[in-house]
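Down below is the structure, laid out as structure tokens.
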């Protein structure tokens, strides 16, 4: 009888502890709901609701919550909270900073204005930070100090209206693997720091960045580097070669270098160099790169006969269109091409 009583007492204490812990972040979640103006998509966030029960996430198209074994919120997804009826445009809820055990935050396609609160950078457990397709403006938050999330691997702040320069402190995050700042209003040069993982991804397309790419990027084995749609220039040939980037997008810039001596290695599968000032001829390695399926060399200043054989059968004329004087399959034969006559003196 005594043993049985002890068992039920322990069981009761355990259950009480779990119930209590599962309510630990309740007030913070309700504060976030209030700051967002009580949107339709968070209608199920009410006092006493079991936030940590995955089956209780009754509106997963708007919000999702997962918890640790002790009932602390570790993952939060917020999406299109007002549905099609946009009622108001609140600032980004800084109440999220009260979720101190947060590992993953994904906020996308919601109508919030203002800037990203700096306290987000103090969530020391963060591994993924995603705030995309909102009306947020202001600077990209910097990560510095002893409380910065040293396990952060993925930052996606694309599709906002962020402005200013890229903070160099982003490159001090030791495990950062993917940095996506595409489709914002960023200006200035790209900082010389590098991402420290083996095959990082850097996506900065569709901003107003200027200057040249840092030469230090030549030592990085990027899984993808996309800086298209900016105002960058100079030489970017150091991105190419064995054990270098696997997917390179430099399109719609002012890059100017000789393609003749570029090595298209077997590890590269995509490259978009269109709408630049790249000159020279297309090297033989372009035809022999075994995994290259998605190239675009159009709208440059390339000239000469295209390489023959190899994998050239994969590529149509659009890949090479609007260059200075390229010829040979899949373009018209070189015998059909003649240089323009010299002007009369």
Those residues that are surrounded by 18 or more Cβ atoms within 10 Å (Cβ to Cβ) and either in contact (Cβ under 8 Å) with a residue 40 or more places away in the chain or over 21 Å from residue 166 (Cβ atoms) (or both), I need them from segment 112-126; list them, please. 112, 116
Give the number of residues within segment 155-201 that are farther than 16 Å from residue 220 by Cα and in contact with a helix residue (DSSP H, G or I) (Cβ under 6 Å, 6 or more places away or on another chain). 0
Inter-residue pairs, beta-carbon under 8 Å, first at positive phi and modelled with pLDDT of 95 or more and in segment 253-276, second assigned to a loop (DSSP other than H, G, I, E, B) and crowded, with 21+ Cβ neighbours inside 10 Å, 6+ apart: 275/251; 275/253; 275/300
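Residues checked against (1) at positive phi; (2) surrounded by fewer than 16 Cβ atoms within 10 Å (Cβ to Cβ); (3) within 17 Å of the chain's Cα centre (by Cα):
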position	(1), (2), (3)
176	no, no, yes
183	yes, no, yes
189	no, yes, no
202	no, no, yes
245	no, no, yes
Does segment 153-172 contain any residue that is in a loop (DSSP other than H, G, I, E, B), surrounded by 20 or more Cβ atoms within 10 Å (Cβ to Cβ) and at pLDDT below 95? no
Count - residues of segment 86-113 that are outside any strand (DSSP E or B), farther than 20 Å from residue 170 by Cβ and within 21 Å of the chain's Cα centre (by Cα): 4
The number of residues in segment 66-108 that are touching a strand residue (DSSP E or B) at 6+ places or on another chain (Cβ under 9 Å), surrounded by fewer than 20 Cβ atoms within 10 Å (Cβ to Cβ), under 14 Å from residue 41 (Cβ atoms) and modelled with pLDDT under 90 is 3
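The values are calculated or read from the model by the stated rules, or taken from the named source; none is laboratory data. Keep in mind that this is a model prediction, so the values were computed, not measured. Cβ atoms come from the backbone with ideal geometry, glycine included; neighbour counts cover every protein chain shown.
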